[in-house]
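The values are calculated or read from the model by the stated rules, or taken from the named source; none is laboratory data. Every value quoted in this text rests on a predicted model; they were computed, and no experiment measured them. Here the Cβ positions follow ideal geometry from the backbone for every residue, glycine too, while neighbour counts run over all protein chains shown. Accessible surface areas use protein heavy atoms only, side chains included; no ligands, DNA or RNA. Shrake-Rupley method; radii C 1.70, N 1.55, O 1.52, S 1.80 Å.
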Amino acid sequence: MNKKTLFRMIIAALLFCASMPFIQVNKVQAFSNQVIQRGAVGEDVIELQSRLKYIGFYTGKIDGVFGWRTYWALRNFQYEFGLPIDGLAGATTKAKLVKSTKYTKGNNAQVNNGNANKTNNKATAVNIPKGFSQNDIRLMANAVHGESRGEPYIGQVAVAAVILNRVNSSSFPNTVSGVIFEPGAFTAVADGQIWLTPNETSKKAVIDAINGWDPTGEALYYFNPATATSAWIWSRPQIKRIGQHIFCK
Amino acid sequence: MIRGLLIGVLALGVIGTGYWGYQEHQEKNAVLLNAENNYQRAFHSLTYQMDLLNDKIGATLAMNSRHSLSPSLAEVWRITSEAHNDVGQLPLTLLPFNKTEEFLANIGNFSYRTAIRDLDKEPLTDKEYETLKVLYKQSGEIQSELRKVQYMVLKNNLRWMDVELALASGKETTDNTIIDGFKTVEKTVTGFDETDFGPTFANMQKKDENFKNVKGSPISRNEAIRIAKKYMNMDGNTKVKVTENGKGADYGFYSVSIKNEKNGQEASMDITKKGGHPIWFINQRDVTKQKISLHDAMTKAQTFLKDTGFTELELFESTQYDNIGVFNFVTNKNGVRIYPEAIKMKVALDNGDIIGVSAEEYLKSLQSRKIGKPAISLKQARSKVNPNLKVMEDRLAVIVNDLNKEVLCYEFLGTIKDDTYRIFINADNGREEEVEKLKDSENLFEDVL
């Protein structure tokens, strides 16, 4: 009888030891100590979404981007648990979340991605400025890269801003593609340089311009004084010069 | 024998090259024809739309019943946008054709505004009727000019490719019927002195405030540099460059750029001459690693704004792009959000440096506005909102509406199913001024960004 118990205990101990590595791997992960707010991207957001999903407040995709749905889920959680409702995942909110939910690093994101062999702790979505899609940004980045890749960063933001100013102007087409592909409007479109692969800088410049940075003072035209052939363009009121380009109205 | 063989091979080569050349030539012609046809389609479609536009405005003038007036004006609006679209497809960019395009846009705006209005309550005024008559006459003139060009094009088989070549080579002076025709159209439109579009149209083109309401006394170059240095956190050897605005600018500004000689990093900003306010500021550098949270970055941005003299601002939106936080602040005056007064801030998430400011919108809409008391209660406004909306937040806000007017509204933020909406109800008359579906994140396609 006694021997049997001892034997069982040894077996149990062995099993426990054997499972040790797995327990360590599945160690419960808690948030880093940042306050998470709307718009944030990253691991903490994945954890936040997973935990909120675990207790049914969040029903969307776990994509690692703190969007509106996550925001409302968090606020509902704060409301139900009697916390101040501010939509921020601060220390108390996170502590409450950790206490009432389970989360294991790596697991949740993988399951929801259906992408089991990828250790996915990276966001699977991105923030995109209002009114645009990633593809619009890529198209604009193509134009900016083709037109001004030798220019300083400000000059690239400026070219993107001119495209957007034209979209808003009544004397130009009303869409990004309409403006870019207007015959004769951009030399890079005419000579095919627009189809070069844009680099990171031009994408950043486009996002800055969309977010409201306009270094040109609302210019609608620009030209390179060294290569401009049209006499008419010189007659436009000039606002300023950035790099090789003169920007005008 | 060898000579004969050589001649044979060479002859074969010549024939082969000739054949290849002919093929290339054929292909090139096909491509050119294709492009030409696209231009022709846009051009003939443009003249067709102008015909239609003239007819439609004429028909609208003859209409008596309000029930048919609205659809007819909506039709005018649609036609102008089609015509506008056609113009955009013609190679006219280097040709001054803006006035005509603006004319089209103005007719479009006018007809849109009148079409959406409740014409039973607010019928067309005599003045607006007068405007329609003038528009009818003017569109008729454009139509007849364009028809003349169309006739010449069809009669002489004129090609748009020649126009494009003529414009691109800068030889606009050479006789080209199409170019001349379009120049005549443009001249005709320029001849129409500003059509009076009536009171609803009053503030349409007066959007640019030219920083009229910005306060302060003129600053010198050196002061501009001093202000710029406050924004640019740079030490070591720097090279400063200041330039003044060009003659065509709407307002006076200094462009200051500071370059760090050691690492080549460059920051630039524009500062108003009057008062030395920042218009925009960009400090371009790579931010490779996130070390601080978006929330901390926001606090930094807030402190910075307070330190540089922007008061009463509250955070409205925060977004993280890679390792950069972008924040949108708006004025909050006694609990009323003033959306036109917006400042955007960019903060690097590695060390919390401010790497971008954009205050152009803020400076343009800055004014001493009197915010009246709302005429309807929050509850009354709430009843105007779609009952399916689960309201989560509400507040008072000033927005610029469809007619480019600032209006006091109740703002409701809420959800319908999984989507979040922002709805503005006019606080004076309960009209739904704006409904906006707020954007959530977008799934990543294979690193597009």
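So if I average 1/r over every pair of distinct C-alpha atoms in region B:59-166 and take the inverse, what Kirkwood radius in Å does that give?
So the Kirkwood estimate lands at 15.7 Å.
Label B:Thr243 and B:Glu36 with points 7 Å out from Cα along Cα→Cβ: what is the distance between them in nm?
Label at B:Thr243, label at B:Glu36, 4.3 nm between them.
Most fluctuating residue of B:Arg369, B:Arg382, B:Arg147 in a GNM of chain B with Cα springs under 10 Å: which is it?
Largest GNM mean-square fluctuation: B:Arg369.
Once whole DSSP H runs in chain B are found, which of them have Cα atoms spread over 18 Å or more along the helix axis and a mean Kyte-Doolittle score of at least 1.6?
Answer set is empty.
May I ask for the accessible area buried between chains A and B, both sides summed, probe 1.4 Å, to the nearest 100 Å²?
Interface between A and B: roughly 6100 Å².
Any of A:Lys204/B:Lys439; A:Lys53/B:Lys439; B:Lys344/B:Lys384; A:Lys249/B:Lys212; A:Lys203/B:Lys274 with alpha carbons more than 23 Å apart? Name them for me.
B:Lys344/B:Lys384; A:Lys203/B:Lys274
What is the sum of charges, Lys and Arg at +1 and Asp and Glu at -1, for the other residues whose Cβ falls under 11 Å from the Cβ of A:Phe186?
-2
Based on the Kirkwood radius over alpha-carbon pairs, what is the Stokes-Einstein translational diffusion coefficient of the protein assembly as shown at 25 °C with 0.890 mPa s viscosity, in µm²/s?
For the chosen part, D equals 83 µm²/s.
Inverting the mean 1/r over all pairs of different Cα atoms, compute the Kirkwood radius of region A:175-228 and quote it in Å.
Evaluated on region A:175-228, it is 13.0 Å.
5 Å is the cut-off here: which amide hydrogens, built 1.01 Å from N in the peptide plane, fall below it relative to B:Glu433, excluding neighbours closer than 5 in sequence?
Here the answer is B:Phe424, B:Ile425, B:Asn426, since their amide H atoms fall under 5 Å of that of B:Glu433.
Measure of size requested: the Rg and Dmax of chain B, with Cα atoms as the atom set and Å as the unit; please supply both.
Using the Cα atoms of chain B, the pair Rg, Dmax is 29.6, 107 Å.
Answer rounded, prolate or oblate for region B:368-449, using the Cα gyration tensor with square roots of eigenvalues a ≥ b ≥ c: rounded when a/c is under 1.5, else prolate when a/b is larger than b/c, else oblate.
oblate
Shape call for region A:147-203 from the C-alpha gyration tensor, a ≥ b ≥ c root eigenvalues: rounded (a/c under 1.5), prolate (a/b greater than b/c) or oblate?
Here region A:147-203 falls in the oblate category.
What longest region of chain B stays clear of GluC sites (Glu not before Pro) that DSSP places outside H, G, I, E and B and that have at most 10 other Cβ atoms within 10 Å?
That gives B:1-193 as the longest site-free run.
Tell me which lysines have Cα within less than 25 Å of B:Lys133's Cα, excluding those fewer than 8 residues away on the same chain?
B:Lys56, B:Lys99, B:Lys121, B:Lys148, B:Lys183, B:Lys187, B:Lys206
Could you tally the net charge around B:Lys370, taking each other residue with its Cβ under 13 Å from the Cβ of B:Lys370, Lys/Arg +1 and Asp/Glu -1?
With Lys, Arg at +1 and Asp, Glu at -1, the net is +2.
Grab the DSSP H runs of the protein assembly as shown that are 4 residues or longer, score each as -39,500 (n - 2.57), total them, divide by all residues and round the 222 nm result to the nearest 500 deg cm²/dmol.
-15000 deg cm²/dmol
For B:Tyr339, what residues show an amide H to amide H distance below 5 Å, using hydrogens built from the backbone and excluding near sequence neighbours?
Result for B:Tyr339 returns B:Val398.
Would you grab the residues whose amide H sits under 5 Å from the one on B:Gly276? Only those 5+ places off in sequence or on another chain, please, with H modelled 1.01 Å from N.
HN-HN under 5 Å from B:Gly276: B:Ile219.
Classify region A:130-249 as rounded, prolate or oblate, taking a ≥ b ≥ c as the square roots of the eigenvalues of its Cα gyration tensor: rounded when a/c is under 1.5, otherwise prolate if a/b is larger than b/c and oblate if not.
rounded
List the trypsin sites (Lys or Arg not before Pro) within region B:409-443 that fall in a DSSP loop (any state other than H, G, I, E or B) and whose Cβ has at most 10 other Cβ atoms within 10 Å.
Sites meeting the loop and neighbour criteria: B:Lys417.
Return the average number of partner chain Cβ atoms within 10 angstrom of each residue Cβ along peptide A:233-241.
Whole-number average of other-chain Cβ neighbours for A:233-241 is 4.
Taking the Cα centre of chain B as the origin and placing charges on Cβ (Lys, Arg +1; Asp, Glu -1), which of B:Asn156, B:Asn213, B:Leu52 is farthest toward the positive end of the dipole?
B:Asn213
Could you let me know the centre-to-centre spacing of region B:402-442 and region B:1-62, using Cα atoms, in angstrom?
Here the answer is 51 Å between Cα centres.
If you add up the charges near B:Arg395, with Lys and Arg at +1 and Asp and Glu at -1, over every other residue whose beta carbon is less than 14 angstrom from its beta carbon, what do you get?
Residues close to B:Arg395 contribute a combined charge of 0.
Tally up the carbon and sulfur contribution to the accessible surface of region B:236-338 as a whole percent, 1.4 Å probe, everything protein left in place.
43
Below 8 Å between Cα atoms, with a sequence gap of 6+, how large is the relative contact order for chain B in percent?
That works out to 9 percent.
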